[in-house]
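Just below is one structure, and these are the notes that go with it.
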Amino acid sequence: MKHQPNSNIDSFREQILQAAKAGTPLSIEGGGTKSWYGNPNSFAKLDTRSYSGILEYQPEELVITACAGTPLKEIEAALAEKNQVLSFEPPHFGEVATFGGAIGGGLAGPGRVSAGNLRDFVLGARVMDGKGQDLSFGGQVMKNVAGYDVSRLMPGSLGTLALLLEASVKVLPKPAATATLRCHISQAHAHQLLNEWAGQPLPLSASCWIGAANSEEHGELTIRLSGAIAAVHAAIPLMGTSINAKELDPVVAAEFWNNLREQKLESFTNLGADETLYRLALPAACGPIRLPNMSPEIVLEWHGQQRWWKGPSDEHAFAAIKAIANANGGHGIRFRQGANVDPAKERFTKLSEQAHSRALEAVQARLRAAFDPAGVFATNRLP
């Protein structure tokens, strides 16, 4: 157990109360590795890195509790010593990523399709609201059911609801065995197989298809199997034979999945100065879709539920992305922007524009009014 000095908390409270009095929002930031994510702002920073450290780690209970400013790599190193992992594989996007930044960003890597989203693993949180109140929600076990589960509102909030001080998250044992298979098949065939496999008792833990977006040309499908040794060894010939796949060298495979998580693959890194990298979140049942004026290449993750496309940055292109995603029961965002793109452009699809989420807009407004009546965290980073 590591005890943090109260001066850190007092300093945060002082900054929040001063901002409330002045009517000037604060932009919460840790390592700043995701400062580009979400709508831009130029407000004063509230740096969480002074409040750092693992407060409690119970390997036998599969729970770790840490301060928001704790380096994410410190968390993962501690888990690795006990052969445990954050199974949702949060991307770092830099060496100085923090625990709080990972939760605030709410982003998950390749393992999200099998393990679940980051939000599913948050058991409890300690936060400071816009009135400087130190509040705790949830706990360190899965069966916390009393009151509102506010702790699970923090993932993906981008610091616009309250200041995250500490969080407890569930961890899992590292899989006993892992194998990666690769083959070349069409996007439609990949969708079909991945949906079939997802409904079967197979150790399929991640998938990625990269290829031509608007044709039936073959692309590269990479799948990861993780779990018990016997299950993985049995699935390799069963799944590999059906798609004529080859097993990748473990080192090559690990590098691929890490580069996918951190967006270091060529599909992500060659973003033109006037281009936008769009992210589409779609239901599993949604098959291949066609988008005009987009890059000829598309990247599919999570069995097709997450798709990445490069394209023009103009409002017409973004409107087309949003319309097609909405028509298929999902949503689209401008995830990354090229160097020459106007930073003031709205990045997200607002709740009012999503037919399946409009009812949440009023709920979101009430939550913000309750936690931050003075608008201390109203940076508009998340609309």
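The values are calculated or read from the model by the stated rules, or taken from the named source; none is laboratory data. What you see is a predicted model, and the numbers here were worked out from it, not measured in a lab. Reconstructed Cβ throughout: ideal geometry from the backbone, glycine too, with neighbour counts over all protein chains shown. These area figures cover heavy atoms from the full protein model, side chains too; ligands, DNA and RNA do not enter into them. Shrake-Rupley method; radii C 1.70, N 1.55, O 1.52, S 1.80 Å.
What to note about this one:
- Boolean, F12 is in a helix (DSSP H, G or I) and aromatic (F, W, Y): yes
- Scanning the range 62-77 for residues that are open to solvent by less than 20 Å² (accessible area, probe 1.4 Å) and either in the same structural domain as A253 (by TED's automatic domain parsing) or free of Cβ contacts under 8 Å to residues at least 60 places away in the same chain (or both) gives G69, T70, L72, I75.
- Among the residues of the range 186-238, those that are among the acidic types (D, E) and either farther than 20 Å from N258 by Cβ or in contact (Cβ under 8 Å) with a residue 40 or more places away in the chain (or both) comprise E196, E216, E217.
- Enumeration of residues in the range 220-240 that are under 21 Å from P283 (Cα atoms) and open to solvent by less than 10 Å² (accessible area, probe 1.4 Å): L221, T222, I223
- So K45, is it in contact with a strand residue (DSSP E or B) (Cβ under 7 Å, 6 or more places away or on another chain) and either surrounded by fewer than 16 Cβ atoms within 10 Å (Cβ to Cβ) or in the same structural domain as K131 (by TED's automatic domain parsing) (or both): yes
- Taking the range 191-219 as the range and being buried (at least 20 other Cβ atoms within 10 Å of the Cβ) and among the small types (G, A, S) as the test, the residues that pass are S205, A206, S207, G211, A213, G219.
- Qualifying residue in the range 281-288 (condition: open to solvent by 20 Å² or more (accessible area, probe 1.4 Å) and either over 21 Å from W197 (Cα atoms) or over 24 Å from the mean Cα position of the chain (by Cα) (or both)): no
- Applying the criterion of being open to solvent by less than 40 Å² (accessible area, probe 1.4 Å) and in contact with a helix residue (DSSP H, G or I) (Cβ under 8 Å, 6 or more places away or on another chain) to the residues of the range 78-88, the residue that is farthest from S205 (Cα to Cα) is Q84.
- Some residue of the range 368-382 being open to solvent by less than 50 Å² (accessible area, probe 1.4 Å), on the phi > 0 side of the Ramachandran plot and within 23 Å of the chain's Cα centre (by Cα): no
- Taken residue by residue, the range 147-161 has at least one member that is over 20 Å from A66 (Cβ atoms), open to solvent by 60 Å² or more (accessible area, probe 1.4 Å) and in the same structural domain as I103 (by TED's automatic domain parsing).
- Elements of the type strands (runs of 3 or more DSSP E) sitting completely within the range 119-180 and holding at least 2 residues that are at pLDDT 95 or above: these cover 122-128, 163-170.
- Scanning the range 333-351 for residues that are open to solvent by less than 70 Å² (accessible area, probe 1.4 Å) and over 17 Å from S157 (Cα atoms), we see that the one that is farthest from the chain's Cα centre (by Cα) is V341.
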